[in-house]
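Below is one structure, written out as structure tokens, with a few remarks after it.
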Amino acid sequence: MTAQAGDTASSPARRKTAVRQALRTLRRSLTPSARRRAAHRAALHLARAARRWNARHIAAYLSLAEEIDTAPLIALLRRQGCTLYAPRLARAGRLRFTRLNARAALRCNRYGIAEPVAQPRPARLDLILLPLVAFDAGGRRLGMGGGYYDRLLARPRPWRRPTRVGLAFAAQEVTSVPAEARDVRLDAVVTERGLRRFR
């Protein structure tokens, strides 16, 4: 069953704020054991999909405490021999992906999110893993509100467009995410319940 947050007749920005608040509260209410189980199950589903899609160059992210933990997934992808990258805040409010080595030095950015200290940037990406606060059955994604991933994915790249996959707890699905024209849609989402393709 999906959450019913955000069913108000207001501007998209106000509806997004309402959904974001409700889903962040829901996400924080999950028990530690439920979080651990979900993170391990989602990691298995995503790693299986990466093998099936032959995705070898993958942009992940280093999760915040309330998000589904990406550590099990990162460890599993490394064991599969994938080359991993993570987002790093750059100037002018931009994200850039940089190599995420097992021994890479990390630092926290201004939002308290760990990121690699300057490492090589990718020559190609097969799959981008996106954090999210909410998603719906149409592949619409609601992030934290900064628009970083939307701007990043709107920029032209010299390589083939990578598959865009959201990672979330199943409880983060809502009936409808209030979307705007600039919002990037997901190709798929992975939760503890499995993988769902949108297109």
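The values are calculated or read from the model by the stated rules, or taken from the named source; none is laboratory data. Everything numeric here is computed off the predicted structure, so don't read it as measured data. With ideal geometry, Cβ positions are generated from the backbone for all residues, glycine too; neighbour counts draw on all protein chains shown.
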Margin query: Just to check your reading of the model, which residue among Ala38, Ala43, Ala18, Ala13 is under 23 Å from Glu173 (Cβ atoms), at pLDDT below 95, outside any loop (DSSP other than H, G, I, E, B) and in contact with a Ser or Thr (Cβ under 9 Å, 6 or more places away or on another chain)?
Written below: Ala18
Next item on the list: Quickly run through region 152-174 and pick out the residues that are in contact with a strand residue (DSSP E or B) (Cβ under 9 Å, 6 or more places away or on another chain) and small (Gly, Ala, Ser).
Entry: Gly166, Ala168, Ala170, Ala171
Check: Which of the residues spanning region 148-166 are in contact with a Leu (Cβ under 7 Å, 6 or more places away or on another chain) and either polar (S, T, N, Q) or not in a loop (DSSP other than H, G, I, E, B) (or both)?
Finding: Tyr148, Tyr149, Leu152, Thr163, Arg164, Val165, Gly166
Item checked: Residue match in region 110-132 (condition: of a type in the set (Val, Ile, Thr) and touching a helix residue (DSSP H, G or I) at 6+ places or on another chain (Cβ under 6 Å)) -> no
Notebook entry, point to check: Restricting the search to region 153-166, which residues are out of contact with any Asp or Glu (no Cβ under 8 Å at 6 or more places or on another chain), modelled with pLDDT of 85 or more and of a type outside the set (Gly, Ala, Ser)?
Noted result: Arg161
Note to self: I want to confirm something. Restricting to region 67-89 and keeping residues that are closer than 29 Å to Arg28 by Cα and surrounded by fewer than 14 Cβ atoms within 10 Å (Cβ to Cβ), which single residue is nearest to the chain's Cα centre (by Cα)?
What the structure shows: Ala71
Check: Tell me, which residue of region 156-186 that is under 18 Å from Arg96 (Cα atoms) and of a type in the set (A, V, I, L, M, F, W, C) is surrounded by the most Cβ atoms within 10 Å (Cβ to Cβ)?
Finding: Val165
Item checked: Residues (touching a Ser or Thr at 6+ places or on another chain (Cβ under 7 Å) and within 26 Å of Ala123 (Cβ to Cβ)) located in region 59-72 -> Ala60, Tyr61, Leu62, Ser63, Thr70
Checklist line | Counted residues, region 84-94 - those being within 16 Å of Leu127 (Cα to Cα) and touching a Pro at 6+ places or on another chain (Cβ under 8 Å) | finding: 2
Notebook entry, point to check: If we keep just the residues of region 124-151 that are touching a strand residue (DSSP E or B) at 6+ places or on another chain (Cβ under 8 Å) and surrounded by fewer than 19 Cβ atoms within 10 Å (Cβ to Cβ), which is modelled with the highest pLDDT?
Noted result: Ala137
Check: Which one of these does Arg182 not meet: (1) part of a loop (DSSP other than H, G, I, E, B); (2) touching a helix residue (DSSP H, G or I) at 6+ places or on another chain (Cβ under 8 Å); (3) touching a residue at least 60 places away in the same chain (Cβ under 8 Å); (4) at negative phi?
Finding: (3)
Next item on the list: Go through (1) touching a strand residue (DSSP E or B) at 6+ places or on another chain (Cβ under 6 Å); (2) surrounded by fewer than 16 Cβ atoms within 10 Å (Cβ to Cβ); (3) under 24 Å from Arg36 (Cβ atoms) one by one and return the number of the condition Asn109 breaks.
Entry: (3)
